[in-house]
1. Show the residue pairs meeting these rules: Cβ distance below 9 Å; 6+ apart or different chains; first residue within the stretch 185-198 and more than 15 Å from GLN231 (Cβ to Cβ); second residue among the acidic types (Asp, Glu) and open to solvent by 80 Å² or more (accessible area, probe 1.4 Å).
2. Find the residue count for the stretch 326-355, including only residues that are without any contact (Cβ under 8 Å) to a residue 40 or more places away in the chain and within 30 Å of ALA210 (Cβ to Cβ).
3. Of the residues THR288, THR266, which is in contact (Cβ under 8 Å) with a residue 40 or more places away in the chain and surrounded by fewer than 15 Cβ atoms within 10 Å (Cβ to Cβ)?
4. If you scan the stretch 419-454, which residues turn out to be more than 21 Å from ILE493 (Cβ to Cβ), modelled with pLDDT of 90 or more and either hydrophobic (A, V, I, L, M, F, W, C) or assigned to a helix (DSSP H, G or I) (or both)?
5. Going by what's in this entry, would VAL41 be described as within 34 Å of the chain's Cα centre (by Cα) and of a type outside the set (Lys, Arg)?
6. Does the stretch 312-330 hold any residues that are in contact with a Gly (Cβ under 9 Å, 6 or more places away or on another chain) and in a strand (DSSP E or B), and which are they?
7. Criterion first (crowded, with 22+ Cβ neighbours inside 10 Å, touching a Pro at 6+ places or on another chain (Cβ under 9 Å) and of a type in the set (Gly, Ala, Ser)) does ALA85 satisfy it?
8. Please state which of the following conditions SER22 fails to meet, knowing it meets all the rest: (1) farther than 30 Å from GLY285 by Cβ; (2) in contact (Cβ under 8 Å) with a residue 40 or more places away in the chain; (3) open to solvent by 40 Å² or more (accessible area, probe 1.4 Å).
Amino acid sequence: MISKVKSSCLLGLQGYLIDVESDVSLGLPAFDIVGLPDTAVKEARERVRAAIKNCSFEFPSRRYTVNLAPSGIKKEGPAFDLPIAVSILAATGQIKGNPEGFVFLGELSLSGEVRPVPGVLPCVLSAKEQGINKFIVPYDNREEAALVSDTEVYGVKTLFEAAEFIEGKADIEKTVVDIEKIFSETKTYPFDFSEVHGQSNVKRALEIAAAGGHNCLIVGSPGSGKTMLAQRLPSILPDLTPEEALETTKIYSVAGLLKNGSALITQRPFRAPHHSTSTVGLVGGGTTPHPGELSLAHNGVLFLDELPEFHRDATEIMRQPLEDGKVNITRASGSLTFPCKTMLVAAMNPCKCGYYGDRSRKCRCTESAIHKYLSRVSGPLLDRIDIQTEAASVSYKDMKAPAAESSAEIKKRVLGARMIQYERYKDEDFYCNAGLSGSKIEKYCTAEPEAEKLLAEAFDSMNLSARAHTRVLKVARTIADLEGAEKISALHIAEAIQYRSLDKKFWG
């Protein structure tokens, strides 16, 4: 007898419907799974066999053939355990109901418990696009799946419970998720700029970066507060919109990083990988392509502390994704794309000992050692960082000064500038100044004559590249937005040029 149920698999962030067909026939006892399964899918044979027996069902001595169609798509992971088991129970007549109207996802334990699996949200989204709106998923994945509107999601804890529900013998309540309620219950960000004393120039730079979505580099000696400042950047960024939250949650779902009891990512991500991270870990890819830290920081902040210590290959390969807002991974079997619209914030010491240019401690490095250390960060990568600022050592007087401006106060100004940009770019495919390029620069970055003259002088005297010229204009546009100015003035250009001076100071 043959039975068929539906499941889903992932290629990158895209889900694909899979028909799980089971044929049970007489012959020498065997259990074969075909249709390009990986090792985890092949091992489902033993999990399914034990789960069926331990849930009080029979597993007759027959020849079992399970086909996962279409066979041209590679099937990966343990999410096919539940659909394979249901399909076999239907083929052997032990489930009398009709399981064909559902999409099944879930891993099985040997006792028949249904365990959570990664990637449920993109699978449900793709199935919904193809007209299927009923899903039976692991109990711990039910809220994640129910984020997709107009769907019927049923969470099951065991294979026996799933079989009883299909036959109509058990009643499982449909999972309903209130996204607005989840956002309202979001905890406040644990870090605040009021905790940072001094460093007013770095705070100003980060405010501009947040207002325009610009990349930022902080150079300073050890203990000057570079990491502390970067950690507080998400606290002044605009809140995630429901659409952005769903995009970010899809990536975390595929990576298996959704925390238990957390169905939706409601705060902007802040990813801070260690400098020993590999190229694949940072950008994504691998034999089975998965999102890297760059994509996990989508709609948030990627913080690279001790930038020169990262592998050169890893930082260089980020250059194009930072420009495009996406990572393209090409394999012989096809191409995958992971989004990475992220703000890059990097921090570094000016030399190996950390005190080159410091006013309080003397640097012990030779000139050649300083040059060698700084050369680990390439010019093309620096060119893609809009704002470069220096964090000086904090004095005792700064430490004892009254509490600084809070994140909430800074965020008000950032939101004001962002609202101007949302309105300005409502007909474009980007929403903040960092996305400006090509002809859009000329259209939206209108400068006063004095500002144009100042920029021309700086272009020649500072030997700026064409890309640096563009980025100075984008930063100046953001500074003008923070002041509510329609045109870019000479003061806006002067401040923007100031944020391009560190590469001349340290890198010559």
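1. Between residues of the stretch 185-198 that are more than 15 Å from GLN231 (Cβ to Cβ) and residues that are among the acidic types (Asp, Glu) and open to solvent by 80 Å² or more (accessible area, probe 1.4 Å), the close pairs are THR186/ASP239.
2. Residues in the stretch 326-355 being without any contact (Cβ under 8 Å) to a residue 40 or more places away in the chain and within 30 Å of ALA210 (Cβ to Cβ): 3 in total.
3. Matching residue, one of THR288, THR266: THR288.
4. MET419, TYR422, GLU423
5. yes
6. Those that are in contact with a Gly (Cβ under 9 Å, 6 or more places away or on another chain) and in a strand (DSSP E or B): VAL327, ILE329.
7. Spelling it out, it is not the case that ALA85 is crowded, with 22+ Cβ neighbours inside 10 Å, touching a Pro at 6+ places or on another chain (Cβ under 9 Å) and of a type in the set (Gly, Ala, Ser).
8. With respect to (1) farther than 30 Å from GLY285 by Cβ; (2) in contact (Cβ under 8 Å) with a residue 40 or more places away in the chain; (3) open to solvent by 40 Å² or more (accessible area, probe 1.4 Å), SER22 is out only on (3).
The values are calculated or read from the model by the stated rules, or taken from the named source; none is laboratory data. Everything numeric here is computed off the predicted structure, so don't read it as measured data. We place every Cβ from the backbone using ideal geometry, glycine too, and count neighbours over all the protein chains shown. For the accessible areas, the whole protein counts, side chains as well, though only heavy atoms, and no ligand, DNA or RNA atoms are used. Shrake-Rupley method; radii C 1.70, N 1.55, O 1.52, S 1.80 Å.
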